[in-house]
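**Q** Would you mind keeping the following structure in view while I ask a few things?
The values are calculated or read from the model by the stated rules, or taken from the named source; none is laboratory data. Please read these numbers as outputs of a predicted model, since none were measured by experiment. Don't worry about glycine lacking a Cβ; one is built from the backbone with ideal geometry, like all the others, and counts go over all protein chains shown. Accessible surface is based on the protein model in full, side chains and every heavy atom, while ligands, DNA and RNA are left aside. Shrake-Rupley method; radii C 1.70, N 1.55, O 1.52, S 1.80 Å.
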Amino acid sequence: MDVYQEFIINVKRLTNIDLSLYKEKQMRRRIESLMKRNNMPDLISYFRLLKQSEKHLKEFLNYITINVSEFFRNPAQWQVLEKEILPHLTSNKKTLKVWSSACASGEEAYSLALLFEKINYNKVEILATDIDDEALKAARLGIYSEKSLVNVPEDLKRKYFTVKEGQYEIKDEIKRKVKFKNLNLLEDEFPANCHLILCRNVMIYFTEEAKDKLYRKFYNSLADDGIFFVGNTEQIIMPQKYGFESIRSFFYKKINYGSSAR
Ligand SMILES: C[S@@+](CC[C@H](N)C(=O)[O-])C[C@H]1O[C@@H](n2cnc3c(N)ncnc32)[C@H](O)[C@@H]1O
């Protein structure tokens, strides 16, 4: 077994994160850059450091999970969501279950909450999950830089954020609409009966084998006719293979097969 494989097994034991399901080249590059930053000569010494130091373990998890996000990321897709997808989902007035499945510091989940406010639909439960506890902590805090709000319409910005020393804090009435929870997409059970699932800008880090499993899990997690919303570079190659019908770029609808399980 090579040293990298051994490192991966040790990291899995320590953190329950299986790096073998993340694209190897990219992951190696990130790990090497962290090792350099910490003057670590090899993976064995670096793993020793991770085991001994909470601070370095946090740095490691933070760096490999890549938390970059912003409100209404790729605004054109959010327009499609608002104008073409939500009118169908909200048409029979049921309580919608929405899941932001790699929510980073909450920007995506709060964007959903803002959008539902905007269309004045409050029968909605928003669950937001991520593997990274630090990101979830920031999400619950709900304080953002002006830069991450560039796509937030002025009226929503004025109504739902408080400005404090150049930072924007989302108001409690929006915070209350989102429930944050730790969930590892590669290990944990998925919530059931979701009407809308967002999984954006995380699949790009996973191997083909991991993606294959995840698409099946997302299918099972959706309610009948549920919608799966993916990131801008993450179109599904053969959606039918997973029981999805492409209805717009980046939006897939669950095909229902009656009671026969896939
Ligand atoms: C680039 S951010 C995407 C945030 C948001 N969805 C967006 O599109 O702006 C990727 C997020 O995926 C999370 N992530 C990485 N691996 C994960 C896993 N196995 N399970 C759940 N979340 C994971 C990271 O912690 C990070 O917050």
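**Q** Between residue 37 and residue 184, what length in nm is gained on full extension when 0.36 nm per residue of separation is reduced by their alpha carbon distance?
**A** Numbers: separation 147, 0.36 × 147 = 52.92 nm, distance 2.70 nm.
Using 0.36 nm per residue and subtracting the Cα-Cα distance, I get 50.2 nm.
**Q** Further, regarding this structure: Counting pairs of alpha carbon atoms under 8 Å apart in space and at least six apart in sequence, what relative contact order in percent does the stretch 3-65 give?
**A** Numbers: 37 pairs, mean separation 19.4, N = 63.
For the stretch 3-65, the relative contact order is 31 percent.
**Q** Report the antiparallel proportion of the DSSP beta bridges in the chain as a percent, rounded to a multiple of 5.
**A** On the way: 14 of 32 bridges.
If we restrict to bridges inside the chain, about 45 percent are antiparallel.
**Q** Work out the FRET efficiency for residue 204 and residue 93 from their Cβ-Cβ distance, taking R0 = 25 Å, and round it to the nearest 0.05.
**A** Details: r = 36 Å, r/R0 = 1.44.
With a Förster radius of 25 Å, E is 0.10.
**Q** Tally the DSSP beta bridges in the stretch 108-262 and give the antiparallel ones as a percent, rounded to 5.
**A** Numbers: 13 of 23 bridges.
Antiparallel bridges make up about 55 percent of those DSSP assigns within the stretch 108-262.
**Q** If you don't mind, there's one more thing I want to ask. With a 1.4 Å probe and all protein chains kept in place, how much accessible area does residue 175 have, in Å² rounded to the nearest 10?
**A** 40 Å²
**Q** Label the chain by shape, choosing from rounded, prolate and oblate, from the square roots a ≥ b ≥ c of the eigenvalues of the Cα gyration tensor; if a/c is under 1.5 it is rounded, and otherwise prolate applies when a/b is larger than b/c, oblate when it is not.
**A** oblate
**Q** Efficiency by 1/(1 + (r/R0)^6): what FRET value for residue 53 and residue 234, r their Cβ-Cβ distance, R0 = 45 Å, to the nearest 0.05? Walk me through the intermediate numbers first.
**A** Values: r = 34 Å, r/R0 = 0.76.
Computed FRET efficiency for residue 53 and residue 234: 0.85.
**Q** GNM, the chain, Cα, under 10 Å: largest mean-square fluctuation among 126, 204, 44?
**A** With Cα springs under 10 Å in the chain, the top fluctuation among 126, 204, 44 is at 44.
**Q** For a test of the definition: using alpha carbon positions, the gyration tensor, and the 1.5 limit on a/c, classify the stretch 87-139 as rounded, prolate or oblate.
**A** Numbers: a/c = 3.35, a/b = 2.25, b/c = 1.49.
Prolate.
**Q** With all protein chains present, calculate the accessible area of residue 35 using a 1.4 Å probe and round the result to the nearest 10 Å².
**A** 20 Å²
**Q** Also, I was wondering about something else. How much length is gained if the chain between residue 158 and residue 14 is pulled fully straight, taking 0.36 nm per residue apart and subtracting their Cα-Cα distance, in nm to one decimal?
**A** Values: separation 144, 0.36 × 144 = 51.84 nm, distance 4.40 nm.
Contour length minus the Cα-Cα distance gives 47.4 nm.
**Q** Ranked by accessible surface with a 1.4 Å probe, highest first, in what order do 173, 32 come? Intermediate results must be reported in sequence, preceding the final value.
**A** Details: 173 85, 32 110 Å².
Largest to smallest exposure gives the sequence 32, 173.
**Q** Also: Between the alpha-carbon centers of the stretch 78-108 and the stretch 19-72, tell me the distance in whole angstrom.
**A** 33 Å
**Q** Now, a different point. Using alpha-carbon pairs under 8 Å, 6+ residues apart, how would you state the relative contact order of the chain in percent?
**A** Details: 369 pairs, mean separation 42.1, N = 262.
Relative CO of the chain lands at 16 percent.
**Q** What residue among 91, 45, 249 shows peak mean-square fluctuation when the chain is described by a Gaussian network model with Cα springs under 10 Å?
**A** Result: 91 has the largest fluctuation of those listed.
**Q** Ignoring everything but the protein chains, give the 1.4 Å probe accessible area of residue 73 in square angstrom, nearest 10.
**A** Around 70 Å² of this residue is reachable by solvent.
**Q** OK, next. Arrange the residues 238, 40 by how much accessible surface each exposes, largest first, with a 1.4 angstrom probe. Before the final figure, lay out each step's value.
**A** Numbers: 238 105, 40 45 Å².
Heavy-atom accessible area, descending, gives 238, 40.
**Q** Let me ask you something else. Per residue, what accessible area does the chain have, given a 1.4 Å probe and all protein chains present, in Å²?
**A** 52 Å²
**Q** Hey, what do the phi angles of the stretch 83-94 turn into as Karplus ³J(HN,Hα) couplings, whole Hz, using 6.51/-1.76/1.60 and θ = phi - 60°, x for Gly and Pro?
**A** Values per residue, Gly and Pro as x: 8, 10, 8, 4, x, 6, 4, 8, 5, 9, 6, 7 Hz.
**Q** If you plug each phi of the stretch 115-123 into the Karplus form 6.51 cos²θ - 1.76 cosθ + 1.60 with θ = phi - 60°, what whole-Hz ³J(HN,Hα) values come out, in order, with x for Gly and Pro?
**A** Karplus-based 3J(HN,Hα) across the stretch 115-123 equals 5, 5, 4, 4, 8, 6, 10, 10, 8 Hz.
**Q** Here is a follow-up. How large a share of the accessible area of the stretch 67-200, in percent, is made up of carbon and sulfur atoms when the probe is 1.4 Å and the other protein chains stay in place? Each step should come with its number before you reach the end.
**A** Numbers: 2970 of 6350 Å².
Using a 1.4 Å probe with all protein chains present, the stretch 67-200 comes out at 47 percent carbon and sulfur.
**Q** Something else about it: Can you tell me the length gained on complete extension of the stretch residue 143 to residue 6, counting 0.36 nm per residue apart and subtracting the Cα distance? It would help to have the intermediate numbers written out before the result.
**A** Working: separation 137, 0.36 × 137 = 49.32 nm, distance 3.87 nm.
Extra length available between residue 143 and residue 6 comes to 45.4 nm.
**Q** Name the residues whose placed amide hydrogens come within less than 5 Å of the amide hydrogen of residue 144, ignoring near sequence neighbours (fewer than 5 apart) on the same chain.
**A** Long-range HN contacts for residue 144: 168, 169, 170.
**Q** If a/c stays under 1.5 just call it rounded; otherwise compare a/b with b/c (prolate if a/b is bigger, oblate if not). Do that for the stretch 110-191, with a ≥ b ≥ c from the square roots of the Cα gyration tensor eigenvalues.
**A** Numbers: a/c = 2.39, a/b = 1.41, b/c = 1.70.
Oblate shape, in that a/c is at least 1.5 and b/c is the bigger or equal ratio.
**Q** Given the DSSP H assignment, sum -39500 (n - 2.57) over each helix run of at least 4 residues in the chain and divide by its residue total; what's the result at 222 nm in deg cm²/dmol, nearest 500?
**A** On the way: 11 runs with 105 residues, N = 262.
Mean residue ellipticity, 222 nm, calculated: -11500 deg cm²/dmol.
**Q** Given the C-alpha centroids of the stretch 134-173 and the stretch 182-226, what is the distance between them in whole angstrom?
**A** Computed from Cα coordinates, the inter-centre distance equals 27 Å.
**Q** Another question about this same structure. Rounding to the nearest 20 debye, state how big the charge dipole of the chain is about its Cα centre with +1 on each Lys and Arg Cβ and -1 on each Asp and Glu Cβ.
**A** On the way: 43 positive and 36 negative charges, 58 e Å.
Dipole size: approximately 280 debye.
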